[in-house]
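To start, the structure under review is shown below, and the notes come after it.
The numbers here are math on the coordinates, done by the rules we state, and not lab data. Source: prediction; values computed, not measured. All Cβ positions, even for glycine, are placed from backbone atoms using ideal geometry, and neighbour counts span all protein chains on display.
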Amino acid sequence: MTITNYKSRITRFFFYLCLSVFICGQISFVHAQNDGSQQNQTGKAGIFAITNARIVTVSGAVIENGTVVVQNGKIAAVGASVSIPGGAELIEARGLSVYPGMIDAGTNLGLTEIGLGVPGSVDTAEGGEMNANAKAILGINPHSTHVNVTRVNGITTVMSLPTGGIISGQSAVINLNGSTQSEMALIPTYGLVINFPRITTFSGFNPFANTQPVDFNEAVKQRDKRLDDLKTLFKTSENYGKVQDAFAKDKSLPYPSKDIKMEAMIPYVRGEKPIVFVAERERDIRAVVKFVEQMKVKGVIIGGQEAWKVADGLKKNNISVIYKNIYNLPVQDDDAYDYLFSAPAKMQQAGIRFCISTGDSGPEIRDLPYHAGSAGAYGLSKEEALKSVTLYPAQILGLSDRIGSIDTGKIANLVIADGDILEPRTNVKYVFINGRMLPLTSRHTDLFEQFKDRK
Amino acid sequence: MKKFTAFFLLQILLLTAFNFAVFGQTKKEVLIRNATVITAIHGNLENTDILIQNGKIARIGKNLKAASNTQVIDASGKFVTPGIIDCHSHAMMDGSVNEFSYSVTSMVTTRDILNPTDISIYRALAGGVTAANLLHGSANSIGGQNTVVKFKYGRAVEDFPVADAPPGIKFALGENPKQTNQPTQPGRTPRYPRTRMGVMETIRDAFLRARDYRRALDDYRAKVDKKDKTAVAPRRELELEPLVEILEGKRLVHSHGYRSDELLNVLLLADEFGFRVATLQHALEAYKIAPEIAKRGTGVSIFTDSWGYKLEAFDAIPYNAYILWKNGVNVSINSDSEERIRRLNLDAAKVEKYGGVPEEEALKMITLNPAKQLGIDKRTGSIEQGKDADIVIWNAHPFSVYARADMTMIEGEVFFDRAKDLANRDALQRERETLEKLDINRPPGSGGTAPKIPSEKRQADRDEAVGDGGNH
């Protein structure tokens, strides 16, 4: 064996090694499309029959006394009288209600542990303005304390979004159980997050410097510039995609070099995957609608304070709203005191597809049911309020065939509670994610146990 | 006789005018009829009336009689609670809530920066809040003096402070007075203290100086009493005067802190100088030292379940209220936020869920307990005969997420009325549109003269968010 031969063998070995790693990577990416059958480590797997329960299916009528069967991670059966498979663990739920797990489509869960003073635990915003290739799923800490704290209050699925620059990156939809990012992922890359350029005269708060607001005309110019940059990037990415496609068909063409950022833009500029536009006020939402029309892309609004004022444009372009302003103050002093509490009811009346989100980075996502309930206090019906944190976010995320209601065949993300799940006095008794019964423990219950009897 | 009658009538007229001028307006008798009254002290009373005379709760009972000119409010199917009291707020404080320059700024007072037209007052009323403890920020080891107010929105600023509330002051421990979460500005020297060690020594140093000042004052008073002509008054020390009041038990200390060690250290320091800390504010880890707090009779004013927003908030648990309550500590739930202040009723509801505090005890945490902590419980905090008629009427049980405040009154006077608010909206909208059409308000693109610097109003949610420079 000559040395050259030996070298080439090693080279070939490495080639095959790389190839198999690549293939495995592809497979694991497929696996990342969590189908619910996957057996995550935490919690207890098995066949469960929740009996004598009040079943709030959300998709259909409430079943006052029925059974839900959980098997292979899925809802195997639901109804007033269903047969219970042998070997099922019975959960007597008389006096309790079963709900689908709640979904918060507007968080940064897992991307930040402690927001202030611990920058090492914060992975929300990449440097620079255009980061289409940044993927939230690769920054999410599956072992964040926020995972347990959130799910024990009945929230089983969240979308986690990056936040920085103009194009922040791609959001991920995750179930709140799993030892790895791919075990958690329902949709590893759901949408491209864009902080839609807006006119802002605020130049940052600094107690030590006399910061002056930017002149209004100057602010308009700055917005126009950012919007132009964005449109240029869209056009360039579209052309980039065309060139790549052309080369794929005809290898005699000059080789077009790869660009990691533009590569990431392709499915979005082609309207194949949704773009999540951060926009709050009427002016900005109208601008997003115009952008979606012009660029022929698929859009979702996150924020959406005044979305109800742009109903026609949003409906015409099939743009949904992830509303995250229940716990925010009205921007203008003369806005009605309940301006942001009542916006979901107004969206519902206007026929806009919406869901309610906390918009929180982690600690207070567990308040999601109360956000929905407060919309219920100001005009939204209780049924709609519940849908706004279950079925509606599932629909907006394109997951309504898998989560968001209690129907046979869906992923068994279930919550059993002793009352209306949107009420702050209601106690969560059981949580299932992917059909696994999870312990109702968190950092908070651990510390409670440690100190509750200290004398 | 005619002359006499005319004189008599004139007298009545003058007296009425006098009354009107002096008392603002004559107070009508008000009768709230047929409500579920949640007293926050004597349980819940079904189908009960409350009669209000001269701004006070005159009678509580069934089928109360009303005079013909009494304003009757039908509250059938509704719930009545005492007005909510927020023991930690910066609402209506105009500008920075922190006098950043020194770490001991006991000479300043929040009374000097109150804005009675702040819209957050109205929004708080719409959440059922009638009174608040307006505290200096937490940038300083010893911050400024507080103001206890009732939210009499629409009145002049001097009508807001509760006249007989004992004076108080803010202390702060931990990350905020250390100022280590903010980068030091270029060209500036970091302010002392930079550690929890330094914070405690800063407070101790101030009290040593205050004790000397008190001795000088006492010597002077003694000499004056003895008619000693050589008596010379010590120079007034505005920084130390409030601290002397603390030593004399005349001023309440509200100490912001998070970690159990720093909370215990300020209690020990108070032991050392012979005063009692009135409340530990935030006190997210108070549950770790509940017996030590209970022993000293110190109150604790907390968030129900905020946590994790900074390192010293990472051990916060929503069971804090329960553990403290079980140990016999007076617990109140505060907002420290113009946003959160609107939903303190739901924050109180949560302590039933986390640990199982009984309903009335949970309600006390936003009514009677903060009133006690602020020393105003003789006049407000519960629905009892003789107390100020600070009352909220809700459309549902206030611990339900679907509940709304329909009416909020202070001393029998309505300061928030949802029905009126709704009725006024069209008129306000028209006024807004008219104003927007004025040249000054038209965008430059359509030929108007733009205002030079439009501002985007930032609202502070929690102290460190914006506008008040790393408080909380």
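For the stretch B:309-325, in order, what is each residue's ³J(HN,Hα) by Karplus, 6.51 cos²θ - 1.76 cosθ + 1.60 with θ = phi - 60°, in whole Hz (x at glycine and Pro)?
So the Karplus estimates, Gly and Pro as x, are 7, 7, 4, 6, 9, 7, 9, 5, 9, x, 8, 3, 4, 4, 4, 5, 4 Hz.
Calculate the FRET efficiency for B:S96 and A:A311 from the Cβ-Cβ distance with a Förster distance of 60 Å, rounded to the nearest 0.05.
0.90
Provide Rg and Dmax in Å for the stretch A:102-403, with only Cα atoms included in the calculation.
Values for the stretch A:102-403 (Cα only, Rg and Dmax): 19.6, 66 Å.
Using a basic spin-label model with each label point 7 Å from the Cα along Cα→Cβ, how many nm lie between B:A163 and A:K296?
Taking the simple label geometry, B:A163 and A:K296 are separated by 7.5 nm.
Rounded to the nearest 20 Debye, what is the dipole magnitude of the stretch A:102-403 about its Cα centre when Lys and Arg each give +1 and Asp and Glu each give -1 at the C-beta?
So the magnitude is around 940 debye.
Describe numerically, in nm with one decimal, the distance between label points set 7 Å from Cα along Cα→Cβ at A:D224 and at B:A156.
In this crude label model, A:D224 to B:A156 measures out at 5.1 nm.
By count of other Cβ within 10 Å, fewest leading, how are B:Y220, B:Y153 ordered?
Exposure proxy ranking, most exposed first: B:Y220, B:Y153.
Would you mind getting the Kirkwood hydrodynamic radius of the stretch B:84-380 from its Cα pairs, rounded to one decimal in Å?
Taking the inverse mean of 1/r over all distinct Cα pairs, the stretch B:84-380 comes out at 19.7 Å.
Just to be sure I understand the model, the point goes 7 Å from the Cα along the line to the Cβ. What's the resulting B:S76 to B:R194 distance in nm?
7.0 nm
Toward the positive end of the charge dipole of the protein assembly as shown, about the Cα centre and with charges on Cβ (Lys, Arg +1; Asp, Glu -1), which of B:I85, B:L173, B:A233 goes farthest?
Towards the positive end, the residue furthest out is B:L173.
Which FRET efficiency value, to the nearest 0.05, do you get for A:H143 and A:N72 by plugging their Cβ-Cβ distance into 1/(1 + (r/R0)^6) with R0 = 35 Å?
That pair, A:H143 with A:N72, gives E of 0.85.
Count, for each residue of A:103-114, the Cβ atoms from other chains sitting within 10 Å of its Cβ, then give me the mean as a whole number.
Working: counts 0, 0, 0, 0, 0, 0, 0, 0, 0, 1, 3, 7.
What the average comes to for A:103-114 is 1.
Please report Rg over Rh for the stretch B:233-378, where both radii come from the alpha carbon positions and Rh follows the Kirkwood definition. Spell out each step's value before the answer.
On the way: Rg = 15.8 Å, Rh = 15.8 Å.
Here Rg/Rh amounts to 1.00.
Note down the relative contact order for chain B as a percent, whole number, built from C-alpha pairs under 8 angstrom at least six residues apart.
18 percent
About the Cα centre of the protein assembly as shown, how large is the charge dipole given +1 on each Lys and Arg Cβ and -1 on each Asp and Glu Cβ? Please answer in debye to the nearest 20.
It comes to approximately 420 debye.
Going through the DSSP H helices of chain A, which span 24 Å or more along their own axis at the Cα atoms while scoring at least -0.5 as a mean Kyte-Doolittle hydropathy?
Those that clear 24 Å and a mean of -0.5 are A:3-32.
What average number of partner chain Cβ atoms lie no more than 10 Å from the Cβ of the residues making up B:306-315? Display every interim value, and only then the final one.
Details: counts 3, 7, 15, 8, 5, 6, 3, 5, 7, 4.
Partner-chain Cβ atoms within 10 Å, mean over residues of B:306-315: 6.
I'd like the orientation of helix B:2-23 relative to chain B: the angle between its Cα long axis and the longest Cα principal axis, in ° from 0 to 90, rounded to 10.
40 degrees
Roughly speaking, what is the centre-to-centre gap between the stretch A:142-192 and the stretch A:249-294 when only Cα atoms are used, to the nearest Å?
With the stretch A:142-192 and the stretch A:249-294 each reduced to a Cα centre, they are spaced 23 Å.
Amide H to amide H, which residues 5 or more places from B:F275 or on other chains are under 5 Å from it, using H placed in the peptide plane?
Hits under the 5 Å cutoff: none.
Under 13 Å from a point 7 Å along the Cα-to-Cβ line of A:I260: which residues of the stretch A:124-142 have their amide N that close?
Correct set: A:127, A:131-135.
Over chain A, what relative contact order in percent results from Cα pairs under 8 Å that are six or more residues apart?
Details: 996 pairs, mean separation 88.6, N = 455.
Worked out over chain A, it gives 19 percent.
Could you work out how far helix B:260-273 tilts from the main Cα principal axis of chain B, as a 0 to 90 degree angle to the nearest 10?
80 degrees
When all alpha-carbon pairs of the protein assembly as shown are counted, what percent fall beyond 43 Å?
40 percent
Can you pull the mean other chain C-beta count within 10 Å for peptide A:324-337?
Taking the mean over all residues of the peptide, I get 5.
Sorted from fewest to most neighbouring beta carbons within 10 Å, what does the list B:S103, A:S171 look like? All intermediate terms of the calculation are to be shown ahead of the outcome.
Details: B:S103 23, A:S171 30.
Lowest to highest Cβ neighbour count: B:S103, A:S171.
Pop the C-beta distance of B:T184 and B:V232 into the FRET formula with R0 = 56 Å and round what comes out to the nearest 0.05.
About 0.80, to the nearest 0.05.
Between A:T200 and A:D418, 0.36 nm times their residue separation minus their Cα-Cα distance comes to what?
On the way: separation 218, 0.36 × 218 = 78.48 nm, distance 4.64 nm.
Extra length from A:T200 to A:D418 when fully extended: 73.8 nm.
Could you state the number of Å between the C-alpha centres of the stretch B:135-150 and the stretch B:412-427?
32 Å
Treating the beta-carbon of each Lys and Arg as +1 and of each Asp and Glu as -1, no other charges, what is the dipole magnitude of the stretch B:71-226 about its Cα centre, to the nearest 20 debye?
500 debye
Tell me the angle of helix B:196-225 to the major Cα principal axis of chain B, expressed in degrees between 0 and 90 and rounded to the nearest ten.
80 degrees
Tell me, what does the Kirkwood hydrodynamic radius of the stretch B:137-269 come to in angstroms if you use every pair of distinct C-alpha atoms?
After inverting the pairwise mean of 1/r, the radius is 17.3 Å.
Sorting A:H371, A:H143 on the 10 Å Cβ count, fewest up front, what's the list?
On the way: A:H371 29, A:H143 12.
So the residues, fewest neighbours to most, are A:H143, A:H371.
Helix-derived [θ] at 222 nm for the protein assembly as shown: sum -39500 (n - 2.57) over DSSP H runs of at least 4, divide by residue count, nearest 500?
-9500 deg cm²/dmol
Which order do peptides B:377-389, B:39-51, A:236-248 fall in by mean Cβ count within 10 Å, highest first?
B:377-389, B:39-51, A:236-248
Per residue of the stretch B:84-98, in order, report the coupling 6.51 cos²θ - 1.76 cosθ + 1.60 (Karplus, θ = phi - 60°) as ³J(HN,Hα) in whole Hz, putting x for Gly and Pro.
Those phi angles translate into 6, 10, 9, 7, 7, 9, 10, 4, 6, 9, 8, x, 5, 8, 10 Hz.
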